1. Filter the stretch 108-130 down to the residues that are over 17 Å from Thr154 (Cα atoms) and among the polar types (S, T, N, Q), then identify the one that is surrounded by the most Cβ atoms within 10 Å (Cβ to Cβ).
2. Looking only at residues that are in contact with a helix residue (DSSP H, G or I) (Cβ under 7 Å, 6 or more places away or on another chain) and not polar (S, T, N, Q) in the stretch 141-158, which one is nearest to Gly52 (Cα to Cα)?
3. Before we move on, is Glu105 surrounded by fewer than 17 Cβ atoms within 10 Å (Cβ to Cβ) and under 21 Å from the mean Cα position of the chain (by Cα)?
4. Got at least one residue in the stretch 146-156 being touching a residue at least 60 places away in the same chain (Cβ under 8 Å), farther than 23 Å from Thr74 by Cβ, touching a Lys or Arg at 6+ places or on another chain (Cβ under 8 Å) and not aromatic (Phe, Trp, Tyr)?
5. How many residues are over 21 Å from the mean Cα position of the chain (by Cα), β-branched (Val, Ile, Thr) and buried (at least 17 other Cβ atoms within 10 Å of the Cβ) when one looks only at the stretch 134-156?
6. For Asn118, indicate whether it is in contact (Cβ under 8 Å) with a residue 60 or more places away in the chain, assigned to a loop (DSSP other than H, G, I, E, B) and either within 19 Å of Thr66 (Cα to Cα) or not aliphatic (A, V, I, L, M) (or both).
7. Is there any pair with a first residue in the stretch 9-33 that is closer than 21 Å to Gly159 by Cα and a second that is modelled with pLDDT of 85 or more whose Cβ atoms are under 7 Å apart and which are 6 or more apart or on different chains, and what are they?
Amino acid sequence: MRIKQDQRGLTMIELMIGLTIFTMLLLLGAPGFSAWIQSSHIRNAAEAIQNGLTLARAEAVRRNQTVIFQLVDTLTSSCVVSTSGGNWVVSRGSAAGACDVAPSETVLPLTIQKRSTNEGSPNAVVAAAQGTVIFNGLGRATNLAASPTSINITNPSGGTCVSLGGRMRCLRVDVTTGGQVRVCDPALSAPDTRAC
């Protein structure tokens, strides 16, 4: 007695048609995916800066002492405070020239935490109104030239910001003299709560 076996699988023509459709869908989605990746670099940088500022404020309140948030050009011993630096250091003393010091309670600049721009946001470009924000023991920002002071984050390698007609979702971090820190989107307008 002979048992008939069903043959299952794809013919070569069905496989080629499937691959062609998959390739076309991939090609159609690639530009949007690329813009999404580049925009995520902006989001990562904005959230990291917001977290650093929030940490500095919280540590100032917890310790009841002055804590400094500084944007710096590098995390080496030759670092300088920079309004275009994507790296940051939270410390109790000035980190300029000592950004390579590990977090410590005894070694100057008494670093609490630091972050490199290479951690998730290598293409993000920072443009801040000022490179240093000092929080007092009450959590207030004591050295702001204007309130709110702004830190703009863009990604020129990914394209132009939406607010200028491009595809990049550029963001801004605002800090008030009262110590409030928030990320907002300059391309949006009120009443949207994400608007600047």
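The values are calculated or read from the model by the stated rules, or taken from the named source; none is laboratory data. Just so you know, these numbers come straight off a predicted model, no measurement behind them. So basically every Cβ, Gly included, is an ideal-geometry build from the backbone, and we count neighbours across all protein chains shown.
1. Restricting attention to the stretch 108-130, the residues satisfying the condition of being over 17 Å from Thr154 (Cα atoms) are 108-115.
Okay, now just the ones that are also among the polar types (S, T, N, Q), so 111, 113.
Numbers: Thr111: 21, Gln113: 15.
The residue in question is Thr111.
2. Ile151
3. In short, no.
4. no
5. So the count comes out to 0.
6. Values: in contact (Cβ under 8 Å) with a residue 60 or more places away in the chain: no; assigned to a loop (DSSP other than H, G, I, E, B): yes; either within 19 Å of Thr66 (Cα to Cα) or not aliphatic (A, V, I, L, M) (or both): yes.
Spelling it out, it is not the case that Asn118 is in contact (Cβ under 8 Å) with a residue 60 or more places away in the chain, assigned to a loop (DSSP other than H, G, I, E, B) and either within 19 Å of Thr66 (Cα to Cα) or not aliphatic (A, V, I, L, M) (or both).
7. So the pair list comes out empty.
One line per residue, one yes/no per condition, for (1) under 29 Å from Arg194 (Cα atoms); (2) touching a residue at least 60 places away in the same chain (Cβ under 8 Å); (3) in contact with a Cys (Cβ under 9 Å, 6 or more places away or on another chain); (4) buried (at least 20 other Cβ atoms within 10 Å of the Cβ):
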| residue | (1), (2), (3), (4) |
| --- | --- |
| Ile42 | yes, yes, yes, yes |
| Glu47 | yes, yes, no, no |
| Gly52 | yes, yes, no, yes |
| Ala60 | yes, yes, no, yes |
| Asn64 | no, yes, no, no |
| Gln70 | yes, yes, yes, yes |
| Thr74 | no, no, yes, no |
| Ser78 | no, no, yes, no |
| Ser84 | yes, no, no, no |
